[in-house]
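The values are calculated or read from the model by the stated rules, or taken from the named source; none is laboratory data. Source: prediction; values computed, not measured. Please note: Cβ atoms are built from the backbone with ideal geometry, for glycine as well, and neighbour counts cover all protein chains shown.
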Amino acid sequence: MEDRVYDDLNRLTSVTNTHEDGTVLSRYIYTLDKLGQQTKVEELSGRTVEYDYDDLTRLIKETITDPTTGTHIVEYVYDDVGNRLSKSDSIEGTTTYTYDDNDRLTLEVGPSITTQYTYDNNGNVVKEEQLGGPTLNYTWDSQDRLTAVEIIDGTDTTTIEYQYNLDGVRVSSTVNGEETRYLIDTNRPYAEVVEEYT
């Protein structure tokens, strides 16, 4: 059973999941600032995450405290237009981000992985290349719908193709020639997959 609690402004302040025998399985308590941003999350295990924001409401720091593993800090730096320039994790190291003149991410350099991104004229990612790792090539149709993904990893290549109906809803995917079709419920405000079949 899930129990949700809201404050006077109808903002979620806690979620508790309880087994039918009364045992509490999980609990999350949320502290919010006057803007509604989460400033702290407390878990049943005693783990907490505290969030700090700048004057533009951008997340600049996370302080994660775990009773078992201790505390580590993640800090974020942004440019003048809000693009994230770096993520510094006290455990995992620093990741930096580079953007083009259209504020599109073109290069992500992490402690162990470097990824380059290429775009088409509509801003769709057409290539995602991990140096020393897999390369993903994306194909889009005239309506900017993803129609195919080619994953090249060493000597292995996987091809995924997507089909859409006249309403633009994805109705099937084909992985290396094996097709999975989706049964779509179109009576809901947003079409949802209710069953997958081959």
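Here are the numbers for the structure shown:
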{"item": "Looking only at segment 105-159, and only at residues there that are of a type in the set (A, V, I, L, M) and either farther than 23 Å from Val175 by Cβ or touching a residue at least 60 places away in the same chain (Cβ under 8 Å) (or both), the one that is surrounded by the fewest Cβ atoms within 10 Å (Cβ to Cβ)", "result": "Leu131"}
{"item": "Pairs where the first residue, in segment 171-182, is more than 17 Å from Ile151 (Cβ to Cβ) and without any contact (Cβ under 8 Å) to a residue 60 or more places away in the chain and the second is loosely packed, with under 14 Cβ neighbours inside 10 Å and among the hydrophobic types (A, V, I, L, M, F, W, C), C-beta under 9 Å, 6+ apart", "result": "Val171/Leu183; Tyr182/Val193; Tyr182/Val194"}
{"item": "Residues of segment 117-132 classified as among the small types (Gly, Ala, Ser) and modelled with pLDDT of 95 or more, total", "result": "1"}
{"item": "Filtered residues of segment 11-56 (kept if small (Gly, Ala, Ser) and under 21 Å from His72 (Cβ atoms))", "result": "Ser45, Gly46"}
{"item": "Single residue of segment 1-52 satisfying the filter (in a loop (DSSP other than H, G, I, E, B) and touching a residue at least 24 places away in the same chain (Cβ under 8 Å)) that is farthest from Thr68 (Cα to Cα)", "result": "Leu9"}
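A quick yes/no check of all residues on (1) loosely packed, with under 15 Cβ neighbours inside 10 Å; (2) charged (D, E, K, R); (3) within 21 Å of Asp103 (Cβ to Cβ):
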{"residue": "Leu44", "(1), (2), (3)": "yes, no, no"}
{"residue": "Asp55", "(1), (2), (3)": "yes, yes, yes"}
{"residue": "Lys61", "(1), (2), (3)": "yes, yes, no"}
{"residue": "Tyr78", "(1), (2), (3)": "no, no, yes"}
{"residue": "Leu85", "(1), (2), (3)": "yes, no, yes"}
{"residue": "Asp89", "(1), (2), (3)": "no, yes, no"}
